[in-house]
Structures are given as structure tokens and as C-alpha cells.
Amino acid sequence: MLSSVIKEHQARQAAKRVTQEQKRKECIVAANDLTQALVDHLNVGVAQAYLNQKKLDAEAKLLHQGAINFAKQTQQWLALVENFSSSLKEIGDVENWARSIENDMKIVNDTLGRAYEMAQEKPVNSANSNNQQ
């Protein structure tokens with residue numbers, strides 16, 4: 001009887017070990033599945049962040065290139081405006097010079113006109129003073 005109890009006990013122990021081993025394997029598989037699901041879930045977020053970062057880098061490069069082009073265009077516009085301003089100053093200088101010449105010519109004309117009038121009056125005055133003597 002004792003030997004049969006021991007055999008039964010050993011059989012139950014063996015059955016429990018088999019059940020425990022089966023449950024341990026199931027637990028390992030479940031833990032692996034859970035770990036894989038968590039990693040996949042995290043990887044989706046990481047992959048999305050990586051893709052977003054790549055898009056941001058591309059957009060930043062485009063923005064930088066646009067800023068460089070804008071700066072070049074701005075420099076060109078500034079040079080053009082500076083040239084235009086310089087040309088306007090030159091036109092103003094020429095206009096001022098022309099006014100000065102015009103004023104000088106008016107003075108010369110007025111002086112010549114007065115000299116001519118005086119020259120015309122002297123012979124008449126001389127003739128009148130000669131006739132009176």
C-alpha cells in the first residue's frame with residue numbers, strides 16, 4: 001500500500017510537473033508575445049517620429065534655401081535701388097548745373113542788353129550835346 005501511495009504521489013507529481021512545464025512554456029510564449037507587441041507599439045511611434053524628423057529636415061533645407069534665395073534677391077533689389085538713387089542724384093546735379101548756367105546766361109544777357117542800351121544812348125547824347133554847342 002505504501003508503495004502504491006508513493007507511485008500515485010510520483011504520478012501526480014509528474015503530471016503536475018508536465019502541467020507546470022506546459023504552463024511555463026505558455027507563460028514564456030505569452031510574455032514573448034506581450035514583449036513583441038509592446039516593442040511593435042513603441043516602434044510604430046519611433047518610426048513615425050523618425051519619418052516626421054526626416055520631413056522636418058527636408059522642409060528645413062527647403063526653407064534655408066528659400067531664405068538664401070530671398071537674401072540674394074534682396075541684395076539685388078538693394079543694389080538696384082542704390083543705383084536708381086545715385087542716378088536720381090546725378091539728374092539732380094545736372095539739373096542744378098543747368099539752372100546755374102541758365103542764371104549765368106541771364107546775367108550775361110542782361111549785362112549785354114544794358115551795355116547795348118548805354119551804347120545806343122551815348123551817341124544820341126553826344127550828338128545832342130554837339131548840336132547844342
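The values are calculated or read from the model by the stated rules, or taken from the named source; none is laboratory data. Everything numeric here is computed off the predicted structure, so don't read it as measured data. Note that we place each Cβ from the backbone using ideal geometry, even for glycine, and neighbour counts take in every protein chain shown.
Just one residue in the set Val29, Val18, Val94 is within 42 Å of the chain's Cα centre (by Cα), surrounded by 10 or more Cβ atoms within 10 Å (Cβ to Cβ) and β-branched (Val, Ile, Thr); that residue is Val94. Would you be able to say whether some residue in region 76-88 is in a helix (DSSP H, G or I), modelled with pLDDT of 95 or more, surrounded by 10 or more Cβ atoms within 10 Å (Cβ to Cβ) and of a type in the set (Val, Ile, Thr)? Checking region 76-88: not a single residue is in a helix (DSSP H, G or I), modelled with pLDDT of 95 or more, surrounded by 10 or more Cβ atoms within 10 Å (Cβ to Cβ) and of a type in the set (Val, Ile, Thr).
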